[in-house]
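The values are calculated or read from the model by the stated rules, or taken from the named source; none is laboratory data. Computed from a prediction, not measured in an experiment: that's the story for all the values here. All Cβ positions, even for glycine, are placed from backbone atoms using ideal geometry, and neighbour counts span all protein chains on display.
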Amino acid sequence: MEKVARRHIAGTDLVILLGDITVQGTDAIVNAANSGLRGGGGVDGAIHRAAGPIIDRECRAHVAQHGKLPPGRAMWTHGGNLAARYIIHTVGPIYRSDEESEPVLQSAYQESLRMADGLALESISFPAISAGVYGYPLDKAARVAIEAITDYLQQGESSLKLVQMVCFSNASYAAFSDALDAV
């Protein structure tokens, strides 16, 4: 049985699903990148491997021109071999405390949504940013993500018709579903 939770917010469907972000057919997928934009481990490495060499070239060019991508910011590359046309790379915080990390994690989600709107995209898929090797507690990461996305969508007109949270594990799916229920 497919796991999917859904909520309609200000003209946009917010969907939580269990799956592989690298196979999503949305206009863009979001990469939980490192500041150097060099495909590391986890979802970042999986996206770089699946997309092929074009994103590595585009990421290197971005860093050469602009420097490292600070936490909470975003940039985009083409999707390469992915079904998605674009990859929006964002850097989440390494978890230290709620007070220090939460605003940066909110910004990572909202900057990615702004970038998608700037590209006039209709759909985007997110992973659980910072909830892996960056150590953000899963339940807290899910709450911040859902609140950041919901707040962004309620602020006004967005080109986005679909925002997906693609969860890699049952635990992640449960945390994000619970956070969506709490909205």
Notebook entry, point to check: Scanning the stretch 123-163 for residues that are β-branched (Val, Ile, Thr) and in contact with a helix residue (DSSP H, G or I) (Cβ under 7 Å, 6 or more places away or on another chain), which turns out nearest to residue 13 (Cα to Cα)?
Noted result: 163
Next item on the list: Count, please, the residues in the stretch 147-183 that happen to be under 18 Å from residue 88 (Cβ atoms) and aliphatic (A, V, I, L, M).
Entry: 8
Check: In this structure, does residue 147 turn out to be free of Cβ contacts under 8 Å to residues at least 60 places away in the same chain, within 14 Å of the chain's Cα centre (by Cα) and over 18 Å from residue 31 (Cα atoms)?
Finding: yes
Checklist line | One residue from 36, 52, 25, 45 being at positive phi and surrounded by fewer than 20 Cβ atoms within 10 Å (Cβ to Cβ) | finding: 52
Check: Hey, among the residues in the stretch 165-181 that are polar (S, T, N, Q) and assigned to a helix (DSSP H, G or I), which one's farthest from residue 27 (Cα to Cα)?
Finding: 170
Next item on the list: Working only within the stretch 134-164, note down all residues that are assigned to a helix (DSSP H, G or I), of a type in the set (S, T, N, Q) and surrounded by 15 or more Cβ atoms within 10 Å (Cβ to Cβ).
Entry: 150
Next item on the list: State which residue is surrounded by the most Cβ atoms within 10 Å (Cβ to Cβ) when the search covers only the stretch 98-130 and only residues that are among the polar types (S, T, N, Q) and assigned to a helix (DSSP H, G or I).
Entry: 112
Check: When the stretch 63-97 is examined, which residues are found to be at pLDDT below 95 and either outside any loop (DSSP other than H, G, I, E, B) or of a type in the set (S, T, N, Q) (or both)?
Finding: 97
